Amino acid sequence: MPKVFETPLYPYERSPDQDAAASAHHPVIIVGAGPVGLAAGIDLAQRGVPVVILDENDRVSWGSRAVCYSKRALEIFDRLGCADPMVDKGVTWSRGKVFFDRRLVYPFDLLPEGGHKRPAFINLQQYHLEAMLVARLRALQAAGAPIVLRGVHQVAAVTPGKAGVALTVNTPDGPYGLTCDWLVACDGALSPVRAMLGLDFVGRVFEDNFLIADVVMDADFPTERWFWFDPPFNPGQSALLHKQPDRVWRIDLQLGWGIDREAEKRPENVIPRLKAMLGADVRFELEWVSIYTFQCRRMERFRHGRVLFAGDAAHQVSPFGARGANSGVQDTDNLAWKLALVIAGHAPEALLDSYDAERVFAADENILNSTRATDFITPKSAVSRLFRDSVLVLSERAPFARPLVNSGRLSVPAVYDASPLNGPDDPALPPRTRPGAAAADAPVSGGWLLDRLGDGFRLLTIDADAPETVDAAGLSVPRLALSTADDPTHSLADRYLGQAPAAVYLIRPDQHVAARWQAYDEAAVRTAVARATARA
């Protein structure tokens with residue numbers, strides 16, 4: 001049976017737009033059908049926004065590529081309708097081990113406290129995720145949602161204007177024109193759209209290369225993340241091992257800077273490296289091999305008028321820490337509800353400036369963490385290496401030193417503390433759910449808190465009185481009323497009340513906290529909704 005990435009899932013079909021007398025117009029066009037572009041399209045379509053996705057290919061990506069998805073990303077995929085198949089297919093994990101030379105330095109466990117619907121992380125090859133997203137898109141189409149995916153449609157020219165964007169698209173039947181109100185570029189690290197607009201990244205490219213190999217084998221390794229510093233099978237370098245579905249294991253091997261990249265990808269050079277790591281008697285097959293270079297860079301701005309950039313098209317980080325795809329999906333989660341409100345006339349275009357502000361901040365946070373990990377993994381001087389190695393030796397017997405070990409701090413959602421959309425905060429409430437933070441899940445009557453919050457503005461009350469709906473800034477905000485009497489695990493109280501007797505939270509459509517109080521105040525809530533929609 002052919003692998004999923006060998007099968008066209010969205011083959012070329014001639015569109016009626018190609019026979020139109022003038023360029024057909026669409027509210028939103030997305031360029032790129034990777035996880036970020038598909039997630040953006042699904043999110044917009046579920047909000048009733050007509051969207052066309054263009055991709056130069058007709059099938060999902062080759063190789064595992066993005067492989068590790070965080071709890072926050074899974075919570076977003078829940079709202080997109082595809083987290084269940086992801087978790088069912090993926091490998092759930094929370095534990096890992098850090099090695100130095102031949103020694104186990106220490107194990108760790110990333111499993112959060114109880115009372116969360118989704119696990120800390122799953123491992124799942126990107127081609128499986130893309131296939132699941134395409135299946136979700138097809139299901140939405142069948143239900144009448146306004147979403148179209150066009151394969152073998154290559155964007156050849158982009159001309160932005162004050163009121164929209166014009167595109168020229170190449171197809172097997174020749175070029176044709178399109179126009180749109182908004183263009184969302186999710187076309188990857190090399191982003192042709194970014195290049196056509198003469199835009200570039202700022203940041204650092206690190207002088208190092210890493211080999212990625214997807215290996216099919218039966219192995220006794222546990223379902224854990226294993227990271228080696230200076231292992232005997234790759235002296236002076238590092239290595240990483242992750243388990244994936246279908247007997248596939250992901251291996252990353254540090255190679256250094258001055259290498260022949262094409263030569264290093266040849267099987268006759270890859271296989272001896274893997275045998276040295278896995279053992280000469282271990283039987284395996286190579287599924288995919290690639291070379292990557294550490295990069296920590298971003299565009300200066302993610303919004304350029306009517307063109308918006310997301311995912312790798314907007315920012316790049318090193319793979320260690322699972323910050324690429326996870327942060328890209330969080331970009332679209334931040335963007336889709338804002339774009340939908342602007343298109344519907346419920347918010348001014350200025351709301352999209354908050355997308356730039358919040359997600360540039362998140363990118364800088366990811367770049368900072370990724371840069372620190374890179375500097376620890378690949379010391380740039382003898383003094384840095386001495387510090388790194390001393391920390392590793394000390395952490396073997398001294399737990400206080402372990403937070404200094406950085407083999408790629410794993411992805412966590414950004415807290416938009418300085419967001420222009422944030423409203424009032426009551427500091428007596430727990431800091432983890434302050435304005436700007438992603439809402440923490442908890443078991444509640446009827447299921448899980450995040451499921452019940454939904455994907456619109458919501459007034460969450462806990463042991464507090466408030467109207468069933470609040471009309472503010474042209475929106476009707478429904479109330480979700482909860483009580484600590486229905487909180488047997490105390491998770492809800494711990495995460496949202498602390499020592500306070502009651503609380504009222506305004507939750508944004510991306511399930512980040514917009515504002516909070518200990519009691520309902522209609523004028524304050526109205527003002528907070530107006531601020532969260534850039535109307536204040």
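The values are calculated or read from the model by the stated rules, or taken from the named source; none is laboratory data. Everything quoted here is computed from the prediction, not taken from an experiment. Cβ atoms come from the backbone with ideal geometry, glycine included; neighbour counts cover every protein chain shown.
Quick look at the numbers
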| item | result |
| --- | --- |
| Verdict on residue 308 being at pLDDT 95 or above and not in a strand (DSSP E or B) | no |
| Pairs, first under 12 Å from residue 406 (Cβ atoms) in the range 376-395, second of a type outside the set (A, V, I, L, M) and in a loop (DSSP other than H, G, I, E, B), C-beta under 7 Å, six or more apart | 376/406; 377/320; 377/407; 388/379 |
| Scope the range 410-426; condition surrounded by 19 or more Cβ atoms within 10 Å (Cβ to Cβ) and either farther than 30 Å from residue 501 by Cβ or of a type in the set (A, V, I, L, M, F, W, C) (or both); matching residues | 410, 411, 414, 415, 421 |
| Candidate set: the range 58-81, residues that are over 17 Å from the mean Cα position of the chain (by Cα) and hydrophobic (A, V, I, L, M, F, W, C); chosen: the one modelled with the lowest pLDDT | 62 |
| Qualifying residue in the range 154-169 (condition: under 25 Å from the mean Cα position of the chain (by Cα) and at pLDDT 95 or above) | yes |
| Among residues of the range 24-41, those that are under 18 Å from residue 165 (Cβ atoms) and either more than 12 Å from the chain's Cα centre (by Cα) or modelled with pLDDT under 95 (or both), counted | 10 |
| Residues being touching a helix residue (DSSP H, G or I) at 6+ places or on another chain (Cβ under 7 Å) and among the charged types (D, E, K, R) - total across the range 118-173 | 4 |
| Tabulated pairs, the range 471-484, first touching a residue at least 24 places away in the same chain (Cβ under 8 Å) and closer than 14 Å to residue 527 by Cα, second surrounded by fewer than 20 Cβ atoms within 10 Å (Cβ to Cβ) and small (Gly, Ala, Ser), C-beta under 9 angstrom, 6+ apart or interchain | 472/530; 473/530; 473/536; 474/345; 475/456; 477/456 |
| From 101, 109, residue being over 24 Å from residue 328 (Cα atoms) and touching a Ser or Thr at 6+ places or on another chain (Cβ under 7 Å) | 109 |
| Qualifying strands (runs of 3 or more DSSP E) (wholly inside the range 115-196; at least 3 residues being buried (at least 19 other Cβ atoms within 10 Å of the Cβ) and of a type outside the set (Phe, Trp, Tyr)) | 147-151, 165-170, 176-185 |
| Any hit, the range 485-505, residues being surrounded by 16 or more Cβ atoms within 10 Å (Cβ to Cβ), more than 24 Å from residue 112 (Cα to Cα), among the aromatic types (Phe, Trp, Tyr) and touching a helix residue (DSSP H, G or I) at 6+ places or on another chain (Cβ under 7 Å) | no |
| Single residue of 17, 101, 84, 55 found to be under 20 Å from the mean Cα position of the chain (by Cα), touching a residue at least 40 places away in the same chain (Cβ under 8 Å) and not assigned by TED's automatic domain parsing to the domain that holds residue 512 | 55 |
| Hey, residue 411 assigned to a loop (DSSP other than H, G, I, E, B) and within 23 Å of residue 202 (Cβ to Cβ) or not | yes |
| Residues of the range 198-256 satisfying the condition of being in a loop (DSSP other than H, G, I, E, B) and of a type in the set (Lys, Arg) | 247 |
| Filter result (in a helix (DSSP H, G or I) and either within 25 Å of residue 322 (Cβ to Cβ) or modelled with pLDDT of 95 or more (or both)) within the range 370-382 | 370, 371, 372, 373, 374, 375, 376, 377 |
| When residues of the range 53-70 are limited to those that are of a type in the set (A, V, I, L, M, F, W, C) and part of a strand (DSSP E or B), the one farthest from residue 187 (Cα to Cα) | 68 |
| Subset of the range 35-49 [in contact with a strand residue (DSSP E or B) (Cβ under 8 Å, 6 or more places away or on another chain) and farther than 19 Å from residue 342 by Cβ] | 37, 38 |
| Pairs where the first residue, in the range 115-140, is without any contact (Cβ under 8 Å) to a residue 60 or more places away in the chain and the second is of a type in the set (S, T, N, Q), C-beta under 9 Å, 6+ apart | 119/92; 119/94; 120/70; 120/92; 120/94; 122/70; 122/92 |
| Members of the range 76-112 found to be within 17 Å of residue 127 (Cα to Cα) and either part of a loop (DSSP other than H, G, I, E, B) or hydrophobic (A, V, I, L, M, F, W, C) (or both), listed by number | 77, 82, 83, 86, 87, 90, 91 |
| Selected residue (only one of 429, 394 is crowded, with 19+ Cβ neighbours inside 10 Å, modelled with pLDDT of 95 or more, out of contact with any His (no Cβ under 9 Å at 6 or more places or on another chain) and farther than 30 Å from residue 311 by Cα) | 429 |
| Subset tally (residues that are within 30 Å of residue 300 (Cα to Cα), surrounded by 15 or more Cβ atoms within 10 Å (Cβ to Cβ) and touching a Cys at 6+ places or on another chain (Cβ under 9 Å)) for the range 205-252 | 1 |
| Options 66, 39, 33, 45: the member that is in contact with a Ser or Thr (Cβ under 7 Å, 6 or more places away or on another chain) and crowded, with 23+ Cβ neighbours inside 10 Å | 39 |
| Qualifying positions in the range 502-530 - touching a residue at least 24 places away in the same chain (Cβ under 8 Å) and farther than 25 Å from residue 72 by Cα | 502, 518, 519, 520, 522, 524, 525, 526, 527, 530 |
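Yes/no matrix, rows are residues, columns are (1) in contact with a strand residue (DSSP E or B) (Cβ under 8 Å, 6 or more places away or on another chain); (2) surrounded by 21 or more Cβ atoms within 10 Å (Cβ to Cβ); (3) among the acidic types (Asp, Glu):
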{"residue": "348", "(1), (2), (3)": "no, no, no"}
{"residue": "360", "(1), (2), (3)": "yes, no, no"}
{"residue": "364", "(1), (2), (3)": "yes, no, yes"}
{"residue": "371", "(1), (2), (3)": "yes, no, no"}
{"residue": "376", "(1), (2), (3)": "no, yes, no"}
